[in-house]
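Since the structure comes first, as structure tokens, the remarks are kept for the end.
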Amino acid sequence: MAIDWFTVSAQIVNFLILVWLLNRFLYKPILNAIDAREQRISAQLEEATAIKATAEQEHETYQRNIAEIKQKRTELLAEAVQQAESERQRLIEEARSEIARLSEQWQQALASQQHSLQQQLTRRIQQEVIAIARKVLADLATVDLEQQISTVFIQRLQQQSKQLAKQFNAYASSHASNALIRSTFELSEQQRLSIEKSIKSLVQHHIEIQYETSSDLLCGIELLVDSFKIAWSIDDYLYRMESSLNELFQQLPAGEELTSQNTNVPV
Amino acid sequence: MHLSPDELILWQYGFFKLNNTIVTTWILMAVLVIVSIRITSHLTTDTDISRQQNALEVIILTICSQIKEVGIQKPRQYLGFIGTIFIFIATANLFTIFPGYEPPTGSVSTTFALAICVFIASPVYGIAERGIVDYLKSYLQPTPIMLPFNIISEISRTFALAIRLFGNIMSGEMILAILLVITPFIFPIVMSLLGLLTGVVQAYIFTILATVYIAAATSDSEIT
């Protein structure tokens, strides 16, 4: 176990060289790498902290925005619901008014049609009544309808002689002494004479009588002295019949009327 | 059979000679430097590092933490010296795994050389850290009467350092050689494994003691 001092000194030198070499090629590079990594990690951590702070801030901003959007959405939704409700009410009102308008139109159309129908019916009945009366009078009594009308007119003049005479004279004296006899048919000479005779028996003054045939009258005769009038026609009968028909129409159920008139109602 | 690898002289020219210890040391130095260069040439500062770099970083940071644990506050300043002691001794001892290899730490010349390095480094670091007066005053602590004892302590601990390492490694080698003669199977392998463990432990002990001595020299108030 002798100590070789040359080896000792050589090993000291070797060791010092190894210290230098390892310092140069091992410790410094490794420590530098570690330091660099630590710095890098530290920088990354700082950056991550900053990013996290920013992200948290943005998160808060987004949360706030989302809350605002939700609130706005709720408000808009409520507003939309309110608008929809008001629009619905408006449409319902419009529909109601439209229905009322259509109903009124329909009622008017119905009334118009009813009126037209009544007129047609009245005209037709009038024609039929006149025809029937003429035929019945001709067949049973061998009497002409026009003759009988003038007879009845004369009878009416005579029946109302007192009252009519008073009124007639009052009018005739204060107004022009002209009288107009209007009839739906041409009066015969005999009929004219009978009527003139009846009139002259009522009127104390002289009166000029004119004759006129008019289709406006419904099968009758009327005496006109200015605005004063004495008449007979089948208008009264027809009027009563028309009233009766009106009552009948009004008694009909509304459904029947609607059903019968449905096709004529504009949609 | 020879007790020390110093006895195997490969080349000699007068006073200069190349024995097995010196040559093996050169080989170890070459291996350490080449491996260091190879690994450190591919160093990366990324977090994704190679296994070799990771292993080296672990070794170096462990040495640093051990130095710090002993009481030296700036471990990087002493890493070159203390770290080289550990790496050199540990490598020299671990290479006994190769058949025919004789560790330079089995030579008393090497262990004395390392002990002398520690013996010199300790006051050098102490003076550099504390100043020569302050350092020399430490020899008079706690009383001037202790001066000769402190000096003797310095010298004797250096001898103890050298002999401890030499004794352990040499004895391990000797036991292995004897066992190879007596029972060539199984037992030498077990002893070889034990020798590896002993080698690393001895490297650790030598390094820690050297660190303690340097720490004592650099910071007298902390280590007494």
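The values are calculated or read from the model by the stated rules, or taken from the named source; none is laboratory data. Every value quoted in this text rests on a predicted model; they were computed, and no experiment measured them. With ideal geometry, Cβ positions are generated from the backbone for all residues, glycine too; neighbour counts draw on all protein chains shown.
Remarks
- Residues of segment B:166-204 classified as in contact (Cβ under 8 Å) with a residue 12 or more places away in the chain and more than 16 Å from residue B:110 (Cβ to Cβ), total: 14
- Filtered by the rule that a residue be touching a residue at least 24 places away in the same chain (Cβ under 8 Å) and over 25 Å from residue B:112 (Cβ atoms), segment B:138-154 gives a lone residue, B:141.
- Number of residues in segment B:85-129 that are more than 10 Å from chain A (Cβ to nearest Cβ), part of a loop (DSSP other than H, G, I, E, B) and within 14 Å of the chain's Cα centre (by Cα): the value is 1.
- When B:23, B:33 are screened for being more than 22 Å from residue B:162 (Cβ to Cβ) and within 18 Å of the chain's Cα centre (by Cα), only B:33 passes.
- Restricting attention to segment A:119-163, the residues being in contact (Cβ under 8 Å) with a residue 60 or more places away in the chain, among the polar types (S, T, N, Q) and more than 13 Å from residue A:194 (Cα to Cα) number 3.
- All of B:10, B:28, B:18 fail the test of being aliphatic (A, V, I, L, M), touching a strand residue (DSSP E or B) at 6+ places or on another chain (Cβ under 7 Å) and surrounded by 12 or more Cβ atoms within 10 Å (Cβ to Cβ), apart from B:18.
- For segment A:182-237, filtering for residues that are of a type in the set (D, E, K, R) and assigned to a strand (DSSP E or B) leaves 5.
- Selection from segment B:15-59 of residues that are among the small types (Gly, Ala, Ser) and more than 10 Å from chain A (Cβ to nearest Cβ): B:50, B:55
- Residues satisfying the stated conditions in segment B:1-14, i.e. facing chain A (nearest Cβ under 7 Å) and farther than 30 Å from residue B:179 by Cα: none
- Picking from residues in segment B:130-162 that are of a type outside the set (Phe, Trp, Tyr) and within 13 Å of chain A (Cβ to nearest Cβ), the one that is nearest to the chain's Cα centre (by Cα) is B:162.
- Leading residue by the ranking (surrounded by the most Cβ atoms within 10 Å (Cβ to Cβ)) among those in segment A:178-224 that are modelled with pLDDT of 80 or more and small (Gly, Ala, Ser): A:183
- Residue satisfying all of: in segment B:60-84; surrounded by fewer than 21 Cβ atoms within 10 Å (Cβ to Cβ) and part of a loop (DSSP other than H, G, I, E, B); farthest from the other protein chains (Cβ to nearest Cβ) among these: B:71
- The single residue among A:39, A:57, A:63, A:11 that is over 60 Å from the mean Cα position of the chain (by Cα), more than 9 Å from chain B (Cβ to nearest Cβ) and not hydroxyl-bearing (Ser, Thr, Tyr) turns out to be A:57.
- Within segment A:18-32, tally of residues that are at pLDDT 95 or above and more than 7 Å from chain B (Cβ to nearest Cβ): 1
- Residue within segment A:169-177 that is at positive phi and loosely packed, with under 10 Cβ neighbours inside 10 Å present: no
- Yes/no for residue B:41 being exposed (fewer than 14 other Cβ atoms within 10 Å of the Cβ) and more than 18 Å from the chain's Cα centre (by Cα): yes
- Residue in segment B:60-67 that is at pLDDT 90 or above and over 14 Å from residue B:208 (Cα atoms) present: yes
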